[in-house]
1. Whether any residue in region 88-99 is assigned to a loop (DSSP other than H, G, I, E, B) and closer than 20 Å to residue 315 by Cβ is what I want to check.
2. Quick check on this structure: which one of 109, 118, 198, 134 is touching a Leu at 6+ places or on another chain (Cβ under 7 Å), free of Cβ contacts under 8 Å to residues at least 40 places away in the same chain and either away from the ligand (no atom under 12 Å from the Cβ) or among the acidic types (Asp, Glu) (or both)?
3. Looking at (1) out of contact with any Gly (no Cβ under 7 Å at 6 or more places or on another chain); (2) not in a helix (DSSP H, G or I), which one does residue 189 not meet, given that it meets all the others?
4. Go through (1) over 30 Å from residue 289 (Cβ atoms); (2) surrounded by fewer than 22 Cβ atoms within 10 Å (Cβ to Cβ); (3) within 14 Å of the ligand (Cβ to nearest atom) for residue 147 and report which single condition fails.
5. When the residues of region 11-41 are filtered to those that are part of a strand (DSSP E or B) and under 13 Å from the mean Cα position of the chain (by Cα), which remaining residue is farthest from the ligand (Cβ to nearest atom)?
6. Determine, yes or no, whether residue 164 is within 12 Å of the ligand (Cβ to nearest atom) and surrounded by 20 or more Cβ atoms within 10 Å (Cβ to Cβ).
7. Going by the structure shown, is residue 272 under 16 Å from residue 224 (Cβ atoms), loosely packed, with under 12 Cβ neighbours inside 10 Å and not aliphatic (A, V, I, L, M)?
8. Looking only at region 29-86, how many residues end up being touching a Pro at 6+ places or on another chain (Cβ under 8 Å), in contact (Cβ under 8 Å) with a residue 60 or more places away in the chain and either closer than 18 Å to residue 137 by Cα or of a type in the set (Lys, Arg) (or both)?
Amino acid sequence: MENTDKKQVVFSAIQPSGTITLGNYLGAVRNWVAMQNEYDCIYALADLHTITVRQEPAAMRRNILDAYASIMACGIDVEKSIFFIQSHVHTHAELAWILNCYTQFGELSRMTQFKDKSAKHADNINAGLFTYPSLMAGDILLYQADKVPVGADQQQHIELTRDIATRFNGLYGNVFKIPEGFIPKNGARVMSLQNPLSKMSKSDENVNGCVHLLDPPEVIMKKFKRAVTDSDACVRYAEGKDGVNNLMTIYGAVTGKSYEQIETEFAGKGYGDFKTAVGEAVVEELRPIRERYEQLIKDKAYLESCYHKADEIALKISSRTLSKVMKKIGFVR
Ligand code: TRP
């Protein structure tokens, strides 16, 4: 029986592998913020996942703190939600090992992200890159999460998580809640400003393709002014107009306007005006976030107190699940 008084548990995580981008914000973090009232939200910085690709130690340290402060600056309320750092909570690595033994080689081989990433990092196709989905499954299952908001690129991992959990429950009884993945309806899929066929990514080889959450206003404006469009010279959402479609998506996500409203607003105007408007809207959206970030990053002691508190709660919740799992399997407790 569902306990109707209790809020559903939402779990999600993001990799701190570099700066947080406008794509991360509009596609994920903004929804994390919005869900805080309706759900019991548990969010993590998935730093263990990050080392499946080689990281430079000093940069990694900086990226983790920056990501923590940036995401808090977006509006994660640490009084309401649990926002912790994955590597600080040892149950994650432990359950990941266990789940590896309940996940088939064939299943992991079919993950499209593994295929993509191993093509991209052909010199370092490590076992962690391959078993990454079992770590992710552990993240989710430890908290008995009901709902997992993720981008479309992670849906396959959620399906695998459900398969692993169902298999485990079949063997040992009801240990895991079977989570549901969902793509938030107002989560925009933001594409590169330079190559609108690929997702906006911090690893974009063209720096103008990616807007970072902490980019100064003049940099944001410059990137939007250089954004790739087309020769149609008309602001309308249509197939084949990937650059314009992407700008319309961003503008719509930030202003709340529909595609029709945007088309009307820019009827008879050129792309120059449109790009300026999109840039300005993004600058205004990000301004308070950047200001809040600047305050937070100066106060390392406060940041530390926030994640230590969250780490502790996460450990407590996740230990209950891990204990149950180990007992069921037959480990001596
Ligand atoms: N793999 C996810 C990504 O790269 C991040 C992640 C790690 C995650 N663990 C998770 C997302 C658990 C949702 C739930 O985007």
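1. Yes.
2. Selected residue: 118, the only one of 109, 118, 198, 134 that is touching a Leu at 6+ places or on another chain (Cβ under 7 Å), free of Cβ contacts under 8 Å to residues at least 40 places away in the same chain and either away from the ligand (no atom under 12 Å from the Cβ) or among the acidic types (Asp, Glu) (or both).
3. So the condition that residue 189 fails would be (1).
4. (1)
5. This residue is 21.
6. No, not satisfied.
7. Working: under 16 Å from residue 224 (Cβ atoms): yes; loosely packed, with under 12 Cβ neighbours inside 10 Å: yes; not aliphatic (A, V, I, L, M): yes.
Yes: the conditions hold for residue 272.
8. Number of matching residues: 1.
The values are calculated or read from the model by the stated rules, or taken from the named source; none is laboratory data. Since we're looking at a predicted model, the values are computed, not measured. Cβ coordinates were reconstructed from backbone atoms using ideal geometry, including for glycine residues, and neighbour counts include every protein chain displayed.
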